[in-house]
Amino acid sequence: QVTLKESGPGILQPSQTLSLTCSFSGFSLSTYGMCVGWIRQSSGKGLEWLANIWWNDDKYYNPSLKNRLTISKDTSNNQAFLKITNMDTADTATYYCARRTGSSLDYWGQGVMVTVSS
Amino acid sequence: DIQMTQSPASLSASLEEIVTITCKASQGIDDYLSWYQQKPGKSPQLLIYDATSLADGVPSRFSGSRSGTQYSLKISRPQVDDSGIYYCLQSYSTPPTFGAGTKLELK
């Protein structure tokens, strides 16, 4: 059974760095072809793909935020991470991690709501 | 970026209707298209992948098709539980992009 769960600070101030953790089970990010992505959803911009990391440590970043994003993984502990620097009120959103299989996202976490406010 | 123009933005349908939601890609995406259903307070759930393949556990009343660069999700004889917001996603080119969503209400 595949499950994913996001964790993060909930609230942070503008200019701070957001650190998110995706803890998953039922698959391994060291297995050929596996990939975990981060997607966020805000009322203003809908669903937005942020980044993903592959089993071989290849990484993809959305160019619209590329300079602010860092994705990484810990295969031993079945976790993936996302850091976003210089957070702004416009980054207030629910952040999801999801497993990518082929062209689709077949399993999603429940999401973690992040509010940026002074 | 590839734009996914999703329509309609919302619709209200009866349980006897066939519901159709479309996403038109701004260029060819080689069937790298998936559909998701999202209920309030929940994460999106995969319905269709590779444009026409039904995800595991998804009822057969859901189906996907393509005509040119327009992709469609059809719900035949929808159930009340099918209410929610539906999104398409193209992953043919980076960045992967979502449609804006269709809010479906069943009456």
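The values are calculated or read from the model by the stated rules, or taken from the named source; none is laboratory data. If you're wondering where the values come from, they're calculated on a predicted model, not measured in any experiment. Counting neighbours? That spans all protein chains shown, and the Cβs are built from the backbone with ideal geometry, glycine included. Side chains are part of the model used for accessible areas, which takes the heavy atoms of the whole protein and leaves out ligands, DNA and RNA. Shrake-Rupley method; radii C 1.70, N 1.55, O 1.52, S 1.80 Å.
For segment A:1-107, which trypsin sites (Lys or Arg not before Pro) are in a loop by DSSP, counting at most 16 other Cβ atoms within 10 Å?
Loop-located and lightly packed - A:Lys45.
Within a 10 angstrom radius of each residue's Cβ in A:46-54, how many Cβ atoms of other chains show up on average? Whole number is fine.
Taking the mean over all residues of the peptide, I get 4.
Can you pull a Stokes-Einstein diffusion coefficient for chain B at 37 °C (0.692 mPa s), Rh from Kirkwood over Cα pairs, as a whole number of µm²/s?
Estimated diffusion coefficient is 241 µm²/s.
With θ set to phi - 60°, apply the Karplus curve 6.51 cos²θ - 1.76 cosθ + 1.60 along segment A:27-42 and write out the HN-Hα couplings as whole Hz, x wherever there is a Gly or Pro.
Ordered by residue, 3J(HN,Hα) equals 7, 10, 7, 9, 7, 3, x, 6, 8, 10, x, 10, 9, 10, 9, 10 Hz.
Looking at segment A:11-118, which chymotrypsin sites (Phe, Trp or Tyr not before Pro) are DSSP coil and have at most 15 other C-beta atoms within 10 Å of their C-beta?
Listed in order of number, the matching sites are A:Tyr32.
In chain B, how many lysine pairs have Cα atoms under 21 Å apart, counting only pairs 8 or more places apart or on different chains?
Count of close lysine pairs: 8.
Using a Cα distance threshold of under 21 Å, what count of lysine pairs results for chain A when pairs must be 8 or more residues apart or interchain?
Summing the qualifying lysine pairs gives 9.
Explain nothing, just compute: Karplus ³J(HN,Hα) = 6.51 cos²θ - 1.76 cosθ + 1.60, θ = phi - 60°, for every residue of segment A:13-22 in order, whole Hz, x for Gly and Pro.
Calculated HN-Hα couplings, in order: 8, x, 6, 6, 9, 8, 10, 10, 10, 10 Hz.
Could you work out the percent of alpha carbon pairs in the protein assembly as shown separated by over 20 Å, rounded to a whole number?
58
I'd like the carbon and sulfur percentage of the solvent accessible area for the protein assembly as shown, probe radius 1.4 Å, heavy atoms only, ligands and nucleic acids excluded.
With neighbouring chains kept in place, the figure for the protein assembly as shown is 45 percent.
Let me know the charge dipole size of the protein assembly as shown about its Cα centre in debye, to the nearest 20, where only the beta-carbon of Lys, Arg (+1) and Asp, Glu (-1) is charged.
Dipole magnitude for the protein assembly as shown comes out near 200 debye.
Work out which residues of segment B:17-45 lose at minimum 50 square angstrom of accessible surface when the other protein chains are put back, relative to the chain isolated, with a 1.4 angstrom probe, and list them by number.
Those residues are B:Ser43, B:Pro44.
Taking a probe of 1.4 Å, how large is the accessible area per residue of chain B, in Å²?
49
Just the isolated ones, please: cysteines in the protein assembly as shown lacking another cysteine beta carbon under 4.7 angstrom.
For the protein assembly as shown, the answer is A:Cys35, because their Cβ atoms have no other cysteine Cβ under 4.7 Å.
So, with +1 on the Cβ of K and R and -1 on the Cβ of D and E, and no other charges, what is the size of the charge dipole of chain A about its Cα centre, to the nearest 20 debye?
Here the size comes out at about 60 debye.
Where the only charges are on Cβ atoms (+1 Lys, Arg; -1 Asp, Glu), what is the dipole of chain B about its Cα centre, to the nearest 20 debye?
In debye, rounded to 20, chain B gives about 220.
May I ask which residue of A:Trp55, A:Asn67, A:Asn86 lies farthest towards the positive end of the charge dipole of the protein assembly as shown, with charges of +1 (Lys, Arg) and -1 (Asp, Glu) on Cβ and the Cα centre as origin?
It is A:Asn86, whose Cα lies furthest towards the positive end.
Spelling out what I want: for every residue of segment A:108-118, take phi, set θ = phi - 60°, compute 6.51 cos²θ - 1.76 cosθ + 1.60 (Karplus), and round to whole Hz; glycine and proline get x.
With the stated coefficients, segment A:108-118 comes to 10, x, 6, x, 10, 7, 10, 10, 10, 7, 8 Hz.
Taking every pair of Cα atoms in segment A:46-118, average 1/r, invert it to obtain the Kirkwood radius, and report Rg/Rh to two decimals.
My calculation puts Rg/Rh at 0.95.
Can you list residues whose amide H is under 5 Å from B:Ala100's amide H, if they're 5+ apart or on another chain and H is modeled 1.01 Å from N?
HN-HN under 5 Å from B:Ala100: B:Gln6.
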